[in-house]
Amino acid sequence: MKIEKVKISAVKPNENNPRIIKDDKFRKLVTSIKEFPQMLEIRPIVVNEDMVVLGGNMRLRACIEAGLNEVYIIKASELTEQQQREFIIKDNVGFGDWNWDDLANDWDSEQLSEWGFDVWHQPTDVDYSILDDEDVSKELGEMTDGVKKAIQIEFEAEHFPQAQEIIKYWRHKGLYIGGFLMEKLKEEKEKE
């Protein structure tokens, strides 16, 4: 199979593709294509012999929205009808999981968001006064039973790479870092 560059009008969207991208995520995809068009050659749209999209339906739609006249494709001519249907689903299934620690520590959340990744942001105008009720705190305690929470720890710039390395090492060893840190901090506090 070889990569070809064809007129965008020659490529037909697949009306039976069950995967869609809506609203903000679609706008981010369009922006991504405008800002990084080389990605399209590296990851071309997969079509069948009739030029109907098997993989990249939303990318095609975003390319049209971005005003492109040509796109890169790969023809998967040798696939049976059943294999084409299977490809459509398997191409859209998200295998694997994100390593949230690496994303939080090694990647810029603003860039991730710009690239289309859903990044959690703290709402700025939240009224937390409802949490002052004692009954609510009991319910919250029951809801969070067994759930770990995260805090951010600051490091001087020169210590940050070493801190990342040490934390990754001990996580890999199975150490619950939060508990370990709490014990050490309590010991130091009791020495005062």
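Quick look at the numbers
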read-out	value
For Gln152: the one exception among (1) at pLDDT 80 or above; (2) part of a loop (DSSP other than H, G, I, E, B); (3) closer than 14 Å to Asp101 by Cβ	(1)
Enumeration of residues in the range 65-111 that are at pLDDT below 80 and of a type in the set (Phe, Trp, Tyr)	Phe95, Trp98, Trp100
Number of positions in the range 70-85 that are surrounded by 11 or more Cβ atoms within 10 Å (Cβ to Cβ) and over 21 Å from Lys2 (Cα atoms)	1
Count - residues of the range 157-173 that are basic (Lys, Arg) and closer than 13 Å to Asp101 by Cα	2
Segments classed as strands (runs of 3 or more DSSP E), wholly inside the range 1-105, with at least 1 members that are touching a Gly at 6+ places or on another chain (Cβ under 7 Å)	45-47
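The values are calculated or read from the model by the stated rules, or taken from the named source; none is laboratory data. As the structure is a computational prediction, the values presented were derived from the model and not from experiment. Reconstructed Cβ throughout: ideal geometry from the backbone, glycine too, with neighbour counts over all protein chains shown.
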